[in-house]
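Comments concern the structure below.
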Amino acid sequence: MKRLLYFVLIALISFGVLAACGQGQETEEELETGAGTEEDNDESEEEEEEEEEQEEAVEDNQDEKDESTVEETEEVNENEETNASEETITETVTLYFSDEQLLETYKEQQEVEADSEEDIPAAALQAWINGPEHEELAAPFEGEEVQVQSVEVQDGTAEVSFSESLLNVNAGSSAEMAITEQIALIMEQFGYEETKILIEGEEESSLFGHMDSTEPISADNPDDYEAIE
């Protein structure tokens, strides 16, 4: 009887030891599994952070590209506007000059530049003031810095305003008639049969001391004038 109890006790002890070992192994596996899970979680978080950083880097690069594209577009537009504002119109016009003896008036073609088509008449008159290209023709105002200020139209008549220095021109009767005749002829090619001369935008009672300037000047027939050989 005692022997039977002894074997039963040994069996119970052995069973308890085996159960304890099994629980220990399960605990270790759980711990290892838990540790692995934590490591996996850490790695997953790191990967997510790296992905977020890469996405942010891509977005930043895209933003920089977009800003660069906008700046380039604005620069191109500015350059186009600048180039457009710098473009000038070149046109061949007919000018009229006296010979050196003031006996005859001849026509001469010159190229002039202006900012717009509307400014061509003023540019033509300024080219006339600057003088002819042919050496046997004479400039209208020798030694005087006369400037064309504006060309406007009033009731079909061209009103040409010159600087006040025109009043300082010392011209004889032949030169006076040649000057006014040439101004009217130059304006005739732009469709104006009559031209009125103003000084600083205002009407003067006389030019060159005695010539009446209150009335417009009628243009002669341009076919009556030839180019000098």
Task: Test: residue in segment 210-229 that is touching a strand residue (DSSP E or B) at 6+ places or on another chain (Cβ under 7 Å), surrounded by fewer than 19 Cβ atoms within 10 Å (Cβ to Cβ), touching a residue at least 12 places away in the same chain (Cβ under 8 Å) and acidic (Asp, Glu) - done: yes
TODO: Look at THR195 and say whether it is free of Cβ contacts under 8 Å to residues at least 40 places away in the same chain, surrounded by 20 or more Cβ atoms within 10 Å (Cβ to Cβ) and not charged (D, E, K, R).
DONE: yes
- [ ] Looking only at segment 200-209, count how many residues are buried (at least 18 other Cβ atoms within 10 Å of the Cβ) and out of contact with any Ser or Thr (no Cβ under 6 Å at 6 or more places or on another chain).
- [x] 1
Open item on the list: Looking only at segment 149-191, filter to residues that are within 15 Å of GLU215 (Cα to Cα) and in contact with a helix residue (DSSP H, G or I) (Cβ under 8 Å, 6 or more places away or on another chain); which one of those is surrounded by the most Cβ atoms within 10 Å (Cβ to Cβ)?
Closed with: ALA158
Open item on the list: Exactly one of these conditions fails for GLN101: (1) outside any loop (DSSP other than H, G, I, E, B); (2) polar (S, T, N, Q); (3) surrounded by fewer than 16 Cβ atoms within 10 Å (Cβ to Cβ). Give me its number.
Closed with: (1)
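Quick note: the coordinates plus some simple rules give every number you see, no bench work behind them. Quick caveat, the model's predicted, so the values are computed rather than measured. As a convention, Cβ positions derive from the backbone with ideal geometry for all residues, glycine included, and neighbour counts pool all protein chains shown.
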